[in-house]
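The structure appears below as structure tokens.
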Amino acid sequence: MAVRPILVVGNPVLRQKARKVSQFDRSIQKLVEDMIETMRAAPGVGLAAPQVGVPLRLAVIEVDEEVTVIANPEIVKRTGEYEPDEGCLSVPGFWGHVTRAEKVTVKAKDRTGKDFRLNAEGLLAQALQHEIDHLDGMLYIDHPGVVDELKRTEPVRRREAVQEEAAGNGEPRVRQGRRPRRTPPPPDAVPADEPELSPEAIG
Ligand code: ZN
């Protein structure tokens with residue numbers, strides 16, 4: 001198993017409509033294992049294959065210590081509506097409120113290629129919708145109104161404070177292993193001071 005790098009917004013693979021998984025061979029099993037490890041390391045609630053640069057309709061989700069692997073998923077039923085907090089590993093440093101169905105029924109194949117149906121609610125339902133969006137090249141910030149009210153997560157603010165301090169005394173500090181933050185929305189879309197707690201990234 002290996003942790004793979006997670007692509008961030010701006011990478012074209014995140015904007016492709018992913019292809020169906022047709023063979024559930026050893027390379028897919030290896031990909032699934034790597035995706036689970038990458039999701040846990042991030043950490044995130046889920047991860048879709050395009051986020052690690054593989055344009056296939058495949059995602060992993062872990063809620064309440066239960067891992068769900070979905071290949072070629074389809075949402076066949078949606079019930080209710082709410083606006084949970086949501087973040088994405090491919091949009092680091094931000095979170096927002098997205099309108100999601102409260103409950104969904106998803107039809108998919110498991111990692112061996114066997115068909116199954118899943119009735120989900122709460123965080124699992126939210127994660128399913130988030131990951132299936134990824135397979136269609138969609139990010140949560142594309143949902144109506146989300147970008148206008150995006151919020152910064154706390155770690156980014158702390159990092160910026162460190163960078164400002166470093167810039168002040170002429171000794172920029174670069175932390176190893178950290179990718180430079182890429183800002184997806186225009187700066188004026190981000191409220192400067194809203195001390196809200198940051199939710200966990202969905203995936
Ligand atoms: Zn995501």
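Bear in mind that the values in this text are calculations on the coordinates, not laboratory data. Predicted model only: the values in this text are computed from it and were never measured. Virtual Cβ from ideal backbone geometry, glycine too; neighbours counted across all protein chains shown.
Pop out the ³J(HN,Hα) list for segment 142-153 in order, Karplus 6.51 cos²θ - 1.76 cosθ + 1.60 with θ = phi - 60°, rounded to Hz; leave Gly and Pro as x.
7, 5, x, x, 5, 4, 4, 10, 4, 10, 8, 7
Taking R0 as 25 Å, what's the FRET efficiency between Glu66 and Arg26 from their Cβ-Cβ distance, rounded to 0.05? Walk me through the numbers before you get to the answer.
Numbers: r = 24 Å, r/R0 = 0.97.
Here the calculated transfer efficiency is 0.55.
Would you please give the residues with an amide H less than 5 Å from that of Leu89, counting only those at least 5 places away or on a separate chain, with H modeled from the backbone geometry?
Ile202, Gly203
So if R0 is 45 Å, what FRET efficiency would Asn119 and Ala161 give, r being the distance between their Cβ atoms, rounded to the nearest 0.05? Write down the numbers at each step before the final one.
Values: r = 44 Å, r/R0 = 0.99.
It comes to 0.50.
Could you check the spin-label model distance between Thr112 and Ala2? Points 7 Å from the Cα along Cα→Cβ, value in nm.
2.8
Round to a whole angstrom and tell me the spacing of the C-alpha centers of segment 59-75 and segment 122-157.
17
Listing Phe24, Phe116, Phe94 from the residue with the fewest other Cβ atoms within 10 Å to the one with the most, what is the order?
On the way: Phe24 17, Phe116 12, Phe94 26.
Ordered by Cβ neighbours within 10 Å, fewest first: Phe116, Phe24, Phe94.
Among residues other than Gly96 whose Cβ falls under 10 Å from its Cβ, what is the net charge (Lys/Arg +1, Asp/Glu -1)? Working shown, then result.
Details: positive: Lys151; negative: Glu83, Asp85, Glu86, Asp148, Glu149.
Charge balance near Gly96 sits at -4.
Could you tell me how many cubic angstrom of Cα convex hull volume segment 12-176 has per residue? All intermediate terms of the calculation are to be shown ahead of the outcome.
Numbers: hull volume 21.4 nm³, N = 165.
Once divided by residue count, the hull of segment 12-176 is 130 Å³.
From the backbone phi of segment 94-102, what are the Karplus-calculated ³J(HN,Hα) couplings (6.51 cos²θ - 1.76 cosθ + 1.60, θ = phi - 60°) in whole Hz, Gly and Pro given as x?
For segment 94-102, the Karplus curve yields 9, 8, x, 10, 10, 6, 10, 6, 5 Hz.
Show the residues, 5+ positions off or on another chain, whose built amide H is closer than 5 Å to the amide H of Val98.
Glu86
Once a ≥ b ≥ c are taken as the square roots of the eigenvalues of the Cα gyration tensor of segment 36-127, is the result rounded (a/c under 1.5), prolate (a/b larger than b/c) or oblate (a/b not larger than b/c)? Working shown, then result.
Values: a/c = 1.70, a/b = 1.03, b/c = 1.65.
Taking the square roots of the gyration eigenvalues as a ≥ b ≥ c, segment 36-127 is oblate.
Which ³J(HN,Hα) values, rounded to whole Hz and listed in residue order, are derived for segment 61-76 from phi using the Karplus coefficients 6.51, -1.76 and 1.60 in 6.51 cos²θ - 1.76 cosθ + 1.60 with θ = phi - 60°, glycine and proline given as x?
In residue order, the calculated couplings are 9, 10, 10, 6, 6, 10, 8, 10, 10, 10, 10, 6, x, 9, 7, 9 Hz.
Near the amide H of Arg19, under 5 Å away, which other amide H atoms are found, from residues 5 or more places off or on another chain, if H is placed in the peptide plane?
Distant-sequence amide H within range of Arg19: Leu56, Arg57.
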